[in-house]
1. When you count, for each residue, the other Cβ atoms within 10 Å and take the mean per peptide, how do 415-428, 386-399 rank with the highest first?
2. Relative to the longest principal Cα axis of the chain, at what angle does helix 262-276 sit, 0 to 90 degrees, rounded to 10?
3. Could you tell me, in Å, what Rg and Dmax come out for the Cα atoms of the chain?
4. Reachable aspartates and glutamates from Lys53, Cα under 17 Å, same-chain residues fewer than 8 places away excluded?
5. Applying a 10 Å radius around every beta-carbon, put 365-376, 56-67 in order of their mean neighbour count, most first.
6. Order these peptides, 95-105, 268-278, 125-135, by their mean beta-carbon neighbour count within 10 angstrom, highest first.
7. Eigenvalues of the Cα gyration tensor times 5, then square-rooted: what semi-axes does that give for the range 263-310, in whole angstrom, largest first?
8. What pairs from Lys120/Lys386; Lys335/Lys386; Lys312/Lys362 go past 19 Å between their alpha carbons?
Amino acid sequence: MFGELHEECGVFAVYNHPQASHLTYYGLHSLQHRGQEGTGIISGDEGELNLHKGEGLVSEIYNDHVLQHLAGRNAIGHVRYATAGGAGYNNVQPLLFQRFTGSDLGIAHNGNIVNAHELKCHLEQQGSIFQATSDTEILAHLLFRGQGTMIQRLCESLQLLEGAFAFVILHGDTLYVARDRHGLRPLSIGMLNGAYIFASETCALDIVGATFIRDVLPGEVITVNHEGLNSVAYAQQTTHAMCSMEYIYFSRPDSDIEGINVHRARRNTGHILAAESPVEADIVIGVPDSSISAAIGYSEVSGIPYEIGLVKNRYIGRTFIQPTQELREQGVKMKLSAVRSIVAGKRVIMIDDSIVRGTTSKRIVRMLKEAGATEVHVRIAAPAIKYPCFYGVDMSTFDELISSRLDETQLATYIEADSLAFISLAGLLRGIGRSGNLGKNCGQCTACFNGDFPTNLYESYDAANREKK
Ligand code: SF4
């Protein structure tokens, strides 16, 4: 699914380190794969907070001078891919609210709030004026309208939110972090020389040299201040429904999500896929980067040699001039190339992590055949995606999902593959290490495969259906 699917964001936070903004910069850099459209950092010690943000990559938005200006021992940071609310500078996070009950307030979040529309209408009727269109701001308005201490306001406000989220919030000299009650988005805690570090993925803890402590629990709010770390459960009813796509596609292979290494999980799915859907062939290849681990796994069990049959060009920036349709037709391919001398004359098993719209798979199969592959058998390390996602992944209508319209045989014909097979849902869960139990308590969200949504969906599901042709 090379380049077909994006997630909304990644978050990073530091409490009590003399170089908090520098650490946040490095952390965000290692989370760049989770969002490339915008990034921001808020830093400070108490009272007044400093903000720097912009549209672009981490390497484009910050420099040494900017990071020096972002003073203070605490910081929160964000990388954004826009789904809910759209792109634009105003929606780049963190958002800063000045003089909120005496101190500045900074908020960033990863995920998507499914009852955002209902809450926003309610807040606007009460007089709230929104600066941006992203749903992150809703929490700030709920906090503003709440009663009692900050932690009381936060717990009450979080109870009203339904959906997927990992929040990092800086208020004066206190850092708050919270995870949704279903644990849909990851958030881990680390320590570095007495400083607390929080990150969407453990690869960002590793990059700054922090030691992993534990994951934030579903429905948990953590407060970190001069008294240390304190934990409160804001939701009584919690479930464990980590997004399966974190293992399949989004997270880096060197990250451990809820104690499970992403590379190992992908390699296991390759083992299971080989056992479930064998086919005679000469080589196994993976679509870079996220399918490489599963391709290695498939090769290990099938005994068919693993080869590098596709190469990704890593140096295409956002401002690169893309070829015109005419040049594309002449064979100018910028992002992915087939390795002709490896695939020519071979029966190829191509492992991909998923199929969303199908257009990319078709292009890659064609590319392999043009490079001389005699057969291309496609094996997918995820079940067919038949339902939209409302939790921050940019596939929110049935129309976008080819597997909601075509069965496996029809889809094989559409992508021009000699055969096509998806891993079973039980196989995927076993590969991740969830012991293969299906159903609500399997530890994973599997909604895009089987429609088993862990939350209420409010008007989102109706909107997705309305767009179904
Ligand atoms: S619906 Fe799919 S993509 Fe969305 S959170 Fe669930 S598993 Fe992840």
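1. Numbers: 415-428: 20.6, 386-399: 22.1.
The packing order, highest mean first, is 386-399, 415-428.
2. So the inclination is approximately 30 degrees.
3. Looking at the chain, its Cα Rg and Dmax stand at 22.5, 71 Å.
4. Hits, sequence-local ones excluded: Glu8, Glu37, Asp64, Asp104, Glu137.
5. Working: 365-376: 19.6, 56-67: 16.0.
Ranked from most to least packed, the peptides come out as 365-376, 56-67.
6. By packing density, highest mean first, the sequence is 268-278, 95-105, 125-135.
7. They are 14, 14, 7 Å, listed largest first.
8. Lys120/Lys386; Lys335/Lys386
The numbers here are math on the coordinates, done by the rules we state, and not lab data. Values in this document were obtained by computation on a predicted structure and should not be read as measured data. Positions of Cβ are backbone-derived with ideal geometry, glycine not excepted, and every protein chain shown enters the neighbour counts.
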